[in-house]
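The values are calculated or read from the model by the stated rules, or taken from the named source; none is laboratory data. Everything quoted here is computed from the prediction, not taken from an experiment. Note that each Cβ is placed from the backbone with ideal geometry, even for glycine, and that neighbours are counted across all protein chains shown. Side chains included, ligands, DNA and RNA excluded: accessible areas come from the protein's heavy atoms. Shrake-Rupley method; radii C 1.70, N 1.55, O 1.52, S 1.80 Å.
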Amino acid sequence: MPAHYNVLFLCTGNSARSILAEGILNAKGKPLFTAYSAGSHPSGVVRPEALKLIELARLPTDGLRSKNWGEFAGPTAPKMNFVFTVCDNAAKEICPISGPASP
């Protein structure tokens, strides 16, 4: 089993739920997990309410941004061990394929 896991949280807008998951797992999952998030149709902004919740939990918000899931489909993208959808819309869409996860 790998000593480290990459996790991708997918949503439609990548503005709240997936951002929350990314922030929480990056803070609480070290050193075993690195979390990322993306959206099928990203809004381009992180909702202020999501950032406020992360800050209230005293977790870092540095680097959190709304991203397109295409960023994780290319050959230079990190290989994912786990991919979770956190909303129905993204769960019903076809996810980009980046190849098998690295061991």
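Just to be sure before I move on: is K30 at pLDDT 90 or above, of a type outside the set (A, V, I, L, M, F, W, C), under 26 Å from H4 (Cα atoms) and within 13 Å of the chain's Cα centre (by Cα) in the structure I sent? Spelling it out, it is not the case that K30 is at pLDDT 90 or above, of a type outside the set (A, V, I, L, M, F, W, C), under 26 Å from H4 (Cα atoms) and within 13 Å of the chain's Cα centre (by Cα). G39 meets the conditions (1) in contact with a strand residue (DSSP E or B) (Cβ under 8 Å, 6 or more places away or on another chain); (2) modelled with pLDDT of 95 or more in every case but one. The failed one is (2). For the stretch 20-52, a residue qualifies if it is open to solvent by less than 30 Å² (accessible area, probe 1.4 Å), free of Cβ contacts under 8 Å to residues at least 40 places away in the same chain and either charged (D, E, K, R) or not in a helix (DSSP H, G or I) (or both), and the qualifying residues are G29, A35, S37, A38, V46.
For N6, the stated conditions do not hold, so it cannot be described as in contact (Cβ under 8 Å) with a residue 40 or more places away in the chain and within 8 Å of S66 (Cα to Cα). Restricting the stretch 1-19 to residues that are part of a helix (DSSP H, G or I) and open to solvent by less than 40 Å² (accessible area, probe 1.4 Å), the residue that is farthest from F84 (Cα to Cα) is I19.
Of all residues in the stretch 60-77, count the ones that are within 16 Å of L25 (Cα to Cα), surrounded by fewer than 17 Cβ atoms within 10 Å (Cβ to Cβ) and touching a residue at least 24 places away in the same chain (Cβ under 8 Å). Looking only at that region, the number is 2.
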